[in-house]
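Okay, structure first, notes after.
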Amino acid sequence: MAEPAGPFHLLRARTGRFLCYCGRDGAVYVTDAVEVWAGELGACLALGCRCSPEEHGAMLRAALGHGGAALSLGPGSATLRLPEEPRCPALALAQLPAAEARSQLQALIFGMAGRIESLERRLEAVETLASSCSPEKNAVQSQQLFLPDPSPRKSRASSSALPAKRKVPGESLINPGFKSKKVSSGVNFEDS
């Protein structure tokens, strides 16, 4: 049972959708979630590949990443073609027996579930960190502290409980709290 190493890529063929991924053992797997086909990157030399398995793996991942790989199915086998790569034209895949396919699908499901769980934990940690550091979120929370309560009962009670502020003689209307030091004498219109 090979653990999936990923990355995971969706392929479309005439017969449906397929998931393609690499195992940690260097094998390439393709599945439609019922059947599994597998091939070794080292076995690509038999199909006319003129590069090392490591190079072939890198080219395969790149082709899968930008949708440049094509899958063709035959009885008991499949071929993963890389039309854009003349040095590595194809990879032969053999259909796994039912028991082996079942264990491979089980490894795939639990491997993907482990990755999802890990990503969710990392996302939760990032969200927690972002909420404690985000100036936008902090600004929204601090504004909510100063917004009036929307409850009508409290609004009426609080407005009647506050005494009206009275104007103190000599206090500025423009700058409340500032009291003029000179006594106001009024305006004299006869000086002109």
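Surface listing: H9, H66 arranged by accessible area from highest to lowest gives H66, H9, probe 1.4 Å.
For a quick protection proxy, order the peptides 116-123, 31-38 by their average other-Cβ count within 10 Å, most packed first.
31-38, 116-123
Taking packing as the residue-averaged number of other Cβ atoms within 10 angstrom, the listed peptides 100-109, 55-64 run from highest to lowest as 55-64, 100-109.
The values are calculated or read from the model by the stated rules, or taken from the named source; none is laboratory data. Worth saying up front: this structure is predicted, and the values here are computed from it rather than measured. A quick note on method: Cβ atoms are made from the backbone with ideal geometry, for glycine too, and the neighbour counts reach across all protein chains shown. When the accessible area is computed, the model is the full protein with side chains, heavy atoms only, and any ligands, DNA or RNA have been set aside. Shrake-Rupley method; radii C 1.70, N 1.55, O 1.52, S 1.80 Å.
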